[in-house]
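See below for the structure under consideration.
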Amino acid sequence: MISPHPIAALIGILIVVLSIASGLIWIERRLLALWQDRYGPNRVGPFGLFQVLADTIKLLAKEDWIPPFADKPVFIIAPAIIMVTVLMSFAVLPVAPGIIISDLSVALLFFLAMSSLGVYSIVLAGWASDNKYSLLGGLRAAAQMLSYEVFMGLSLMGIVLLAGSFSLTDIVHAQQRIWFIVPQFLGFLLFLVAGLAETRRLPFDLPEAESELVAGFHSEYSGMKFGMFFVGEYLGITLISAMITILFFGGWMGPVLPPIVWFLIKTFFFLGLFILIRASLPRPRFDQLMAWAWKLMLPLALANLLVTGAVLLAFYR
Amino acid sequence: MQASAVGSVQERFPDLPVVAQPTRDQIPTMWVPADSAREVLRFLKTEIAQPYAMLYDLTAIDERMRLKRDGQPASDFTIVYHLLSFARNQYVRVKAALREDRLSAPSISNIWPAANWYEREIWDLFGIVFEGHPHLERLIMPKTWVGHPLRKDHAARATEMGPFRLPKDKEEREQEALRFRPEDWGMRSSHDGTDFIFLNVGPQHPGTHGVLRIVLQLDGEEIVDAVPEIGFHHRGAEKMGERQSWHTYIPYTDRIDYLGGVMNNFAYLTAVEKLAGIEVPPRAQVIRVMLAELFRIISHLVWYGTFAQDLGQMSPVFYTFNDRERAFAIIEAICGARMHPNWFRIGGVAQDLARGWDAMMRDFIAYFPPRLREYDREVLANRIFKARTVGVGGCTTEEAIEWGVTGPNLRATGFEWDFRKKQPYSGYDNFEFDIPTAQTGDCYGRALVRVEEMRQSLRIIQQCMDNMPEGPYKSLNSLASPPLKERTMHDIETLITHFLSVGWGPVIPPGEALGAIEATKGNNGYYLVSDGGTTSYRTRIRTPSFAHIQMLPLLCRGGMIPDLLAILGSLDYVLADIDR
C-alpha cells in the first residue's frame, strides 16, 4: 500500500474534515427537520445544500463585536483554542492504511490530552465575556469536563489492555479477529456518554443550555468567533464519531468496499446517532450530571478495567 | 346559606355598621368600614364555621362618577375583597368604602400572603395606601409613572396626555430608576461573608415565555431568593373595558390569556349575561362548551411542548404545535380566525356551526389520543424528564390555597376542585368527565394533571358532538347583541332597535356580577360593575397567572437555575394573563 506524503495527507484530511463538519450542519438540520415533521433548510441550492455556505458568508460579513467589558486577548484566543485542539486530534487518526498525518505511538494519550485542553476554550470564553450567564456556562463546562474526562480515559484503558498499545493504528489492527465493541461493550457505552459530554451536545449541553443560560459561554460572541465555536462543536462530533469507529468498530476494516469508504460509513452512522440523541433527550440538571459521572460512570469504568485486566491475566498470559 | 356569611359577621361584630347589598350574581355582599375590614376578613378566614380560605381577588372601584348606587354606603373609592370558601362552595364579597380625603386601609398581607401583589396593584392603579404593607411599590406601571391610571380622571388614551417628550434630565431620571439595587427588592447582597450573585432573568429570556423579569439571588447556582417583576405586558385591558361598549370589548378579552381564545370570551360573557339576566339557549351553551374545551386542549398543547423544551427536550414542541395546528383548523372553520376568534356574543355565539364541523371534529378526536400516548412515552416516561420534575417546585394544598392558586396547579396538590363540576356554568353539569388530580404538587404532578385534562376535554367534546341540541344559537333577549339580522327587517321599530343596539350597543342594567370559569390556566373571573350605561363602569379581570407567578419565590427557593425553568414551565402562565 502506497502511503501519501504526510503533507498531502494533512491537506487532504484538513479539507475533508472541515467540509464534513460544515456539511454536518446541513445534515443535522435536515435530519432534525425530518424527525420533527418539518422541512428544514431547503431554499438555498439543491436540497438547501448551500445553506451552510450562505450562513458562513453571513457570519463573515457580520460585525465582529467584542464587548467593551470583555477581557480582550482572552476573548479572542478562546474560540481559536477549540479549533486548534480538535484539529490537532485529527492528526493522529488513522483513516485508512497509510492515510494518517502522524502515526504516533501514544496517539490515544494525545487524543485525550487534546480533548482535555479543549475545555480551556469554553472556560476562558465564559470567563473573558464578563457576563454572568457566560460565567455560569464556563463554570458548568469546567466541572462537567473534569468529571467526564476521568472516566473517558478509564473507559478506554480496557482497549489498551487488549491491544497492548496506545497507537491507534495498532488498535485497529488488533481488531482483525473481532471488533472491540464485543469484548468492550461496557467500555463503548461509557465512551459514548463521555464523548457526548465532551462535545457538549444534548443531553450534555449544560454549558450553553439555551433555555436556561441563553447560550452560556458564547452568549457574547458574534461573527466568525461564534462561527468557530459552532464549527468546533461539529468538528468535535466528527472526531468522537471517528474515534468510536477506530476504537470499537474496527476502523477502516470491512469487506468489498475500499477501507476509506468503510471508515466514512461507520463514522457517519455515529454522527447520525449523535443527532438522533439530540433530537430525543431532555437535559438533566447540573448536579444530577455530576452525580451520574462520579457515582455511576466512574465505578463502572473502574470495574470494566478490572474485569478486563483479570480476564486477560487469567486466559492470555 | 345565602345570608349566613353576612349574618355571622353581624353577629360577631355587633357594633359594626355592616350593610348587606343585593347583587345580580347572588354572591353575599357586605359593606364594612375600611378600618375594620382586616378584622372582618380575619374572622372570615379563620374563625367562621366553614371558613373562606382563599383570597380570590382584591381590587378597587373609583366610585366618584357613579350615578346609580342606590342603597350603598357613600364612597369615593371602594376596595372589593372576594373570598372563596371551598367548604361552602361559595364566594363572599366584602367592600370597604373610602373617602377621597383619606385613601388608606389596613393591609391584609399578613392574613393572606397573596394580598401582597393585589394591594400593590391597587396602590399603583388607584393610589390607595395600605398601612402595614411590607413593600408598597408600583407593580404594573413604571416606577416613574405619575398618576394612577384606573382613576376616572386619568386619561385612557395616549392622545389625551399631550405629546411625549424625553428631555435629558427625564432620560437620566428614567435610567436611574432602572438601576438595580438589591435592597430595593428586599434582598441582601451578602451574608456571613458570602457575596451573592444577582442574576437578571428576563424580561427578554427564552425561558420566561414572555416579558417577565425575575431577579435571582444566587449562591453558586443555588437560588436563595427570587423576585419576579411584572408589568411589561400591561396594556390597560381593565381601563379599556370602561371605554369599549359591552359588545366591542369581547375581542379585547381574547387577548388576555392569548392561548385560551374563546375561553376569555366565555368568562367575560358569563358575567355580562348575569348582569343582563340573559338565558343562553341550549345549543349556544353546548357550542360554547365544545369550543372552550377545544381551546383547553390547544392551550395545554402549547404548554406541553414548551415545557419539554424548557427542560432541553427539543422535539416535542414541534409535534404538539403540529397537533395544535390541526385543532386550529377546526377553530378556523367554525370561527373564521385561529388564536383570537372573538366568537362568543352576548347571549350566544356569533353564528351557527359551519357545515362539516362534525366531520372535522370527529377526525381530530380519532387522531389525537394516539398522539397523546406517544407523548406520554416520549416525555412523561422519560427518566431525565422525571429526574428534572419529580420533587421539584412542590407545594402543599394549604400553601396553594393561601396563595390563591387555582386550576391544574391546585389540582396537582391533590385537591379535587374544578369549577366546571363545583359551580357548573353553561350546562357543564350535563357532561360526564373526571377531574384529574395528582398528589405531589410538584412539577411532575402539574404535568400529569394537564395531560389527563386533555383526555377529559376530548371526552367532553365527544359528548357535545353526540348531543348537540337543535335551536337558536343566540338568545332572543333584547339585550343579546348584535340582534339577529333576520328579525330586524320587519318594520321601522325593529330596524331602529337594531340600529341602536349595533351603534351604541346594549344598555346593561345597573348592578354588579362576577363571572368566573375554569379557564385553561385556572380560575378566570370578570367582575363587572354596570352603572346602567352602554359601557362597563368597572371591569376587573381576575386572572389565574397573576396568583401563580406571585407564588414563584416560594416554589423555587433552594432550587437551582434549571429548577426555576422547570417551575416556570410547569406553572403554565401567559404574560398577558398576568399583566392584562
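Suppose each label sits 7 Å from its Cα in the direction of the beta carbon; what would the residue B:235-residue A:16 distance come out to in nanometres?
5.8
Which distance in nm do the two modelled labels at residue A:185 and residue B:169 give, with both placed 7 Å along the Cα-to-Cβ direction?
Modelled inter-label distance: 8.0 nm.
What FRET efficiency do you get for residue A:173 and residue B:195 if R0 is 56 Å and r is their Cβ-Cβ distance, rounded to the nearest 0.05? Don't skip to the end; give the middle numbers.
On the way: r = 57 Å, r/R0 = 1.02.
Result of the calculation: an efficiency of 0.50.
Can you tell which of A:39, A:78, A:247 lies farthest toward the positive end of the dipole of the stretch A:6-315, using +1 and -1 charges on the Cβ of basic and acidic side chains (Lys, Arg; Asp, Glu)?
Sorting the options by dipole projection puts first A:39.
Can you compute 3J(HN,Hα) from phi for each residue in the stretch B:491-506, using the Karplus curve 6.51 cos²θ - 1.76 cosθ + 1.60 with θ = phi - 60°, rounded to whole Hz and x for Gly and Pro?
Listing the rounded values in order: 8, 5, 5, 5, 5, 5, 4, 5, 4, 5, 6, 8, x, 8, x, x Hz.
How high is the FRET efficiency between residue B:352 and residue B:493 when r is their beta carbon distance and R₀ equals 35 Å, given to the nearest 0.05? Numbers along the way, then the final one.
Details: r = 26 Å, r/R0 = 0.74.
The calculated FRET efficiency here is 0.85.
Provide a whole-number value for the mean count of partner chain Cβ atoms within 10 Å of the Cβ atoms in peptide B:313-326. Please list the in-between numbers first.
Numbers: counts 8, 11, 8, 3, 1, 7, 3, 0, 3, 3, 0, 0, 0, 0.
For this peptide, the per-residue mean of nearby foreign Cβ atoms is 3.
Using a 7 Å offset from Cα along Cα-Cβ at residue B:64, what residues in the stretch B:120-135 end up with backbone N under 13 Å from the label point?
Correct set: B:126-128.
Percentage of Cα-Cα pair distances in the stretch B:214-372 greater than 19 Å, rounded to whole percent? Show your work: numbers first, answer last.
Details: 7915 of 12561 pairs.
Percent of Cα pairs beyond 19 Å in the stretch B:214-372: 63.
Of B:196, B:482, B:415, whose Cα points farthest to the positive end of the dipole of chain B (charges on the beta-carbon: +1 Lys, Arg; -1 Asp, Glu; origin at the Cα centre)?
Towards the positive end, the residue furthest out is B:482.
Against the longest principal axis of chain A, how steep is helix A:298-315, in degrees 0 to 90 to the nearest 10, with axes from Cα atoms?
20
So for the stretch B:371-429, averaging the separation of alpha carbon pairs under 8 Å that are six or more residues apart and normalising by length, what relative contact order in percent results?
Values: 20 pairs, mean separation 10.8, N = 59.
It comes to 18 percent, rounded to a whole number.
How would you rank A:234-246, B:170-182, highest first, on the average number of other Cβ atoms within 10 Å across their residues? Let's see the in-between values first.
On the way: A:234-246: 25.0, B:170-182: 10.5.
Averaged packing, sorted descending, gives the order A:234-246, B:170-182.
Which value, in Å to one decimal place, does the Kirkwood hydrodynamic radius take for chain A when every pair of different Cα atoms is included?
Working: mean 1/r = 0.0491 Å⁻¹.
Final number for the Kirkwood radius of chain A is 20.4 Å.
Using unit Cβ charges (K, R positive; D, E negative) and no other charged atoms, how large, in debye to the nearest 20, is the dipole of the stretch B:4-131 about its Cα centre?
Here the size comes out at about 320 debye.
What Kirkwood hydrodynamic radius, in Å, does the stretch B:441-533 give when the mean of 1/r is taken over all pairs of distinct Cα atoms and then inverted?
Numbers: mean 1/r = 0.0573 Å⁻¹.
It works out to 17.5 Å.
Over the stretch B:158-249, what relative contact order in percent results from Cα pairs under 8 Å that are six or more residues apart? Write out the running numbers ahead of the final one.
On the way: 85 pairs, mean separation 14.2, N = 92.
Relative contact order for the stretch B:158-249 comes out at 15 percent.
Find which of A:68, A:121, A:163 sits farthest along the positive direction of the dipole of the stretch A:6-315, computed with +1 on the beta-carbon of Lys and Arg, -1 on that of Asp and Glu, about the Cα centre.
Looking along the dipole axis, the top candidate is A:163.
Quick query: amide H of residue B:406 versus all other amide H atoms, modeled in the peptide plane; which residues come in under 5 Å with a sequence gap of 5 or more or a different chain?
Amide H to amide H, under 5 Å and 5 or more residues apart or across chains, residue B:406 pairs with B:523.
Considering the Cα positions of the protein assembly as shown, please state its Rg to one decimal place and its Dmax as a whole number of Å.
Radius of gyration, then largest Cα-Cα span, for the protein assembly as shown: 32.4, 112 Å.
Can you pull the Rg over Rh of the stretch B:347-419, Cα-only, Kirkwood? Walk me through the numbers on the way to the answer.
Working: Rg = 18.8 Å, Rh = 16.2 Å.
Taking Rh as the inverse mean 1/r over Cα pairs, Rg/Rh reads 1.16.
Using just the C-alpha positions of the stretch A:29-159 as equal point scatterers, what log10 of I(q)/I(0) does the Debye formula give at each q in 0.11, 0.22 1/Å?
Summing over Cα pairs of the stretch A:29-159 leads to -0.65, -1.11.
Among B:326, A:283, B:38, rank each residue by its count of other Cβ atoms within 10 Å, from fewest to most, as a rough exposure measure. Mind dumping the intermediate values first?
Details: B:326 16, A:283 26, B:38 20.
Result, fewest neighbours first: B:326, B:38, A:283.
Just want to confirm a number: the relative contact order over chain A, from Cα pairs under 8 angstrom separated by 6+ residues, in percent. Let's see the in-between values first.
Working: 465 pairs, mean separation 73.3, N = 317.
Relative contact order for chain A comes out at 23 percent.
Using just the helices of the protein assembly as shown, give the 222 nm mean residue ellipticity in deg cm²/dmol: DSSP H runs with n ≥ 4 each add -39,500 (n - 2.57), and the total is spread over all residues, rounded to 500. Working shown, then result.
Details: 32 runs with 427 residues, N = 897.
Only helices count here, giving -15000 deg cm²/dmol.
Counting only other chains, and only Cβ atoms inside 10 Å, what mean value do you get across the residues of A:274-286?
Values: counts 0, 0, 0, 0, 3, 4, 6, 9, 20, 10, 8, 14, 5.
Per-residue shielding by partner chains comes out at 6.
Explain nothing, just the number: dipole magnitude of the stretch A:6-315 about its Cα centre with +1 on each Lys and Arg Cβ and -1 on each Asp and Glu Cβ, in debye rounded to the nearest 20. List each step's numbers first, then the result.
Working: 18 positive and 18 negative charges, 99 e Å.
The dipole magnitude comes to about 480 debye.
Can you sort B:334, A:7 so the residue with the fewest Cβ neighbours within 10 Å comes first? Display every interim value, and only then the final one.
Working: B:334 25, A:7 9.
Fewest-to-most Cβ neighbours within 10 Å comes out as A:7, B:334.
Please order A:129, B:530 by the number of other Cβ within 10 Å, starting at the fewest. Mind dumping the intermediate values first?
Values: A:129 27, B:530 24.
Lowest to highest Cβ neighbour count: B:530, A:129.
Shape of the stretch B:47-181 from its Cα gyration tensor (a ≥ b ≥ c, root eigenvalues): rounded if a/c is under 1.5, otherwise prolate when a/b > b/c, or oblate? Display every interim value, and only then the final one.
Working: a/c = 2.70, a/b = 1.58, b/c = 1.72.
Note, shape of the stretch B:47-181 comes out oblate.
Normalized C-alpha radius of gyration of the stretch B:241-554, against 2.2 N^0.38 Å?
Values: Rg = 20.2 Å, N = 314, 2.2 N^0.38 = 19.6 Å.
Rounded to two decimals, the normalised Rg is 1.03.
Return, for the Cα atoms of the stretch A:241-288, the radius of gyration and Dmax in Å, separated by a comma.
14.3, 48
Could you tell me the extents of the stretch B:425-580's C-alpha atoms along the three principal axes, largest first, rounded to whole Å?
Taking max minus min along each principal axis of the Cα atoms, the stretch B:425-580 gives 70, 40, 22 Å.
Which order do the peptides A:114-126, B:388-400 take when ranked by the mean count of other beta-carbon atoms within 10 Å per residue, highest first? Before the final figure, lay out the partial values.
On the way: A:114-126: 23.2, B:388-400: 19.4.
The packing order, highest mean first, is A:114-126, B:388-400.
Can you give me the P(r) profile for the stretch B:301-450? Cα pairs, bins 5 angstrom wide beginning at 0, each as a whole percent.
2, 8, 13, 15, 17, 19, 14, 9, 3, 1
May I ask for the angle, rounded to the nearest 10°, between helix A:223-248 and the longest principal axis of chain A, with both axes built from Cα atoms and the value confined to 0 to 90°?
For A:223-248 against chain A, the angle is about 10 degrees.
Can you tell me how the stretch A:37-97 classifies by the Cα gyration tensor, rounded, prolate or oblate, using a/c under 1.5 as the rounded cut? Walk me through the numbers on the way to the answer.
On the way: a/c = 2.97, a/b = 1.13, b/c = 2.62.
Oblate.
Only four residue types carry charge here, +1 at the Cβ of Lys and Arg and -1 at the Cβ of Asp and Glu. Report the dipole size of the protein assembly as shown about the Cα centre in Debye, rounded to the nearest 20.
Details: 84 positive and 92 negative charges, 271 e Å.
My answer is approximately 1300 debye.
Where q = 0.12 Å⁻¹, what log10 of I(q)/I(0) comes from the Debye formula for chain B, counting one point per Cα?
Here log10 of I(q) over I(0) equals -1.28.
Since every read-out is calculated from the coordinates, none of them should be taken as a lab result. Note that the coordinates shown come from a computational prediction; the quantities given were computed from them, not determined experimentally. Every residue, glycine as well, gets a Cβ built from its backbone with ideal geometry; the counts of neighbours run over all protein chains shown.
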